[in-house]
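Notes follow the structure.
Just so it is clear, none of the values below were taken in a lab; they were calculated from the coordinates. Quick caveat, the model's predicted, so the values are computed rather than measured. Note that we place each Cβ from the backbone using ideal geometry, even for glycine, and neighbour counts take in every protein chain shown.
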Amino acid sequence: MTARDVLVVGGGPAGAATAAFAARSGLSVLLVDRAVFPRHKACAEYLSPEAARDLEALGVLEEVEAAGAAKLTGFRLVSDDGAAVIGRFAGSSGFTPFRPYGLALSRARLDSIVLQAAARAGAEVRQGVALERLLVEDGVVRGGLLRDAGRRWKETARAVVGADGLNSLVARTLGLARRSSPRRLALVAHLMGVAGMEDYGEMFAGRGRYVGIAPIEDGLVNAAAVVPVADARAVASDAARFFFKQLGRAPELRRRMAGARLARKVMIAGPFARTTRRAVADGALLVGDAADFFDPFTGEGIFAALRGGRLAAETLAAALARGEATREALRPYAFARRRAFLGKWVLERIVGLGATLPLVMRGFTRRLARRAHVVDLWVGAAGDSVPVRTLFAPRHLAAFVV
Ligand SMILES: Cc1cc2nc3c(=O)[nH]c(=O)nc-3n(C[C@H](O)[C@H](O)[C@H](O)COP(=O)(O)OP(=O)(O)OC[C@H]3O[C@@H](n4cnc5c(N)ncnc54)[C@H](O)[C@@H]3O)c2cc1C
């Protein structure tokens, strides 16, 4: 039996995009996911304006919009003393985003649409099939031992893509996964009856923790609370109670949540942050959260998963056309990721750490209250449409000191 070209493990945005672009370039692709779609995923469910470019390249942007995605024109940032600023993607930053808004759609809907795109492109998609372990010979990944409800079998492939999320079995097996600080957990739910929702997302920062809310489809609101991992015991004892307690910390949110109730049970994600030593190995590469996940504050994970999938597929097609998917042959993917995501990595770290320091957030909201263009720049950078280096131009940095 001849081996397939590519075995993709995981059918979230990273795996589905990789499979779609790889199949389009003529590779034979098998994608497996242990879940059966539609499946829920603990996520704030907002797509940055730039992610729409990738959805369009996959041919699903219209379908995502037609599925009821809410349009977010920007973000409101609120510090623990109640001071707030609003930044718009198409505001006064001087940069024009691919779309003047981000989209917000439940992952149950979004991920099913993207996964169907992979199947339409020619990838074989098998749901309810888990990777049990990698097949590794002499340090080279050759495929995987797969399992469904009734049986186990070996599937060989010329390359394996680890798109299996935050706790990636592929990354762990290859010894590439690394924990990183800060150690945090997230609780996410869908709510009905939240008062005062507008056409933007809102982030309420607190000491060592924060809450984000945003409208999604069907009048629902996605609410996410990110807390230190030290709170794990309280989370485990009663997740829903703990979740509402976090939402009630900010006086404004407490008022607006008075009539809110759960439309979906509270889901838990983490612990994060996680990085990897590198995203390529002999016979394998990592995409999406399997490759790295720092913190959700800037909401760039789905964009990175989709864009990373495209970059991975380009490298796989070139490497397999020339011969084997050796670590050396896959190295262009590592360089392409760095070029595409270096700014995002820097921003995630500055924002993910700074937003949980009350003095920093108070300074940000106070100083920038009358400097809308600088807030637009920061929100635009988080929306992936403003180059991060722009934020550090002396004239923009001056807004924080004068
Ligand atoms: C609280 C929170 C809020 C977030 N909010 C946002 C946001 O608003 N916007 C944004 O862009 N990003 C956000 N993110 C990040 C975003 O959710 C991720 O970056 C994104 O889901 C990564 O996609 P992925 O395809 O890499 O992984 P996933 O979406 O996690 O998909 C991985 C898939 O692999 C499958 N899998 C796992 N193990 C196996 C196995 N052994 N065998 C077979 N299948 C397997 C799983 O079933 C799953 O379907 C948030 C993250 C968190 C934690």
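Along the charge dipole of the range 15-99, pointing to its positive end and built from +1/-1 on Cβ of Lys, Arg, Asp and Glu, which listed residue (PRO97, ALA84, VAL64) has its Cα farthest out? Of the options given, the answer is VAL64. Only the Cβ atoms of Lys and Arg (+1) and of Asp and Glu (-1) were treated as charged; on that basis the dipole of the range 56-100 about its Cα centre amounts to roughly 180 debye.
The sum of -39500 (n - 2.57) across all DSSP H runs of n ≥ 4, divided by the residue count of the chain, sets its helix-only mean residue ellipticity at 222 nm to -10500 deg cm²/dmol. Nearest 10 degrees is fine. How inclined is helix 107-120 to the longest principal axis of the chain, computing both from alpha carbons? It works out to around 30 degrees. Rounded to the nearest 20, the size of the Cβ-charge dipole of the chain about its Cα centre is 1100 debye, with Lys and Arg at +1 and Asp and Glu at -1. Between the residues ALA223, ALA20, THR156, the greatest Cα displacement towards the positive end of the dipole of the chain, with unit charges on the Cβ of Lys, Arg, Asp and Glu, is found for ALA223. Neighbours of HIS190, meaning other residues whose beta-carbon lies under 14 angstrom from its beta-carbon, give a summed charge of +3 when Lys and Arg score +1 and Asp and Glu score -1.
With a simple spin-label model that places each label point 7 Å from the Cα along the Cα-to-Cβ direction, the separation between ARG278 and ARG371 comes to 4.1 nm.
Beta-bridge orientation, the range 1-155: approximately 70 percent antiparallel, per DSSP, counting only bridges with both partners inside.
The magnitude of the dipole of the range 59-206, with charges of +1 and -1 set on the Cβ of Lys/Arg and Asp/Glu and taken from the Cα centre, is near 620 debye.
Here the range 217-247 and the range 284-301 have alpha carbon centers that stand 21 Å from each other.
Can you tell me the 0 to 90 degree angle between the C-alpha axis of helix 358-367 and the longest principal axis of the chain, rounded to 10? Between the helix axis and the principal axis of the chain, the angle is about 70 degrees.
Could you list the residues of the range 261-284 with an amide nitrogen less than 13 Å from a label point located 7 Å from the Cα of ALA108 in the Cα-to-C-beta direction? Residues passing the 13 Å test: 263-267.
With R₀ fixed at 45 Å, the C-beta to C-beta distance from THR2 to VAL346 puts the FRET efficiency at about 0.55.
Quick check on the range 13-129: take the gyration tensor over C-alpha atoms, sort the square-rooted eigenvalues as a ≥ b ≥ c, and tell me if it's rounded (a/c under 1.5), prolate or oblate. Judged from the Cα gyration tensor, the range 13-129 comes out prolate (a/c at least 1.5, a/b above b/c). Note on the range 125-234: Cα Rg divided by 2.2 N^0.38 Å, N the number of residues, gives 1.53.
Between ALA393 and ARG241, the FRET efficiency from the beta-carbon distance, with R0 = 45 Å, is close to 0.45. A cut-off under 13 angstrom between Cβ atoms defines the neighbours of ASP164, and their net charge, with Lys, Arg +1 and Asp, Glu -1, is +2. Taking other Cβ atoms within 10 Å as a rough exposure proxy, TYR333, TYR101 sort from fewest to most as TYR101, TYR333.
One compactness figure for the chain is 0.97, namely its Cα radius of gyration divided by 2.2 N^0.38 Å. Where in the range 252-274 is the amide nitrogen less than 19 Å from a point lying 7 Å along the Cα-to-Cβ axis of MET192? What the label zone holds, given the 19 Å backbone N cut-off, is 256-267. Rounded to the nearest 5, the antiparallel percentage of DSSP beta bridges internal to the chain is 75%. Of the residues GLN127, ALA250, HIS190, the one whose Cα sits farthest toward the positive end of the charge dipole of the range 117-260, with +1 on the Cβ of Lys and Arg and -1 on the Cβ of Asp and Glu, is ALA250. Net length available on complete extension from GLU124 to GLU328 is 70.7 nm, with 0.36 nm assigned per residue and the Cα-Cα distance removed.
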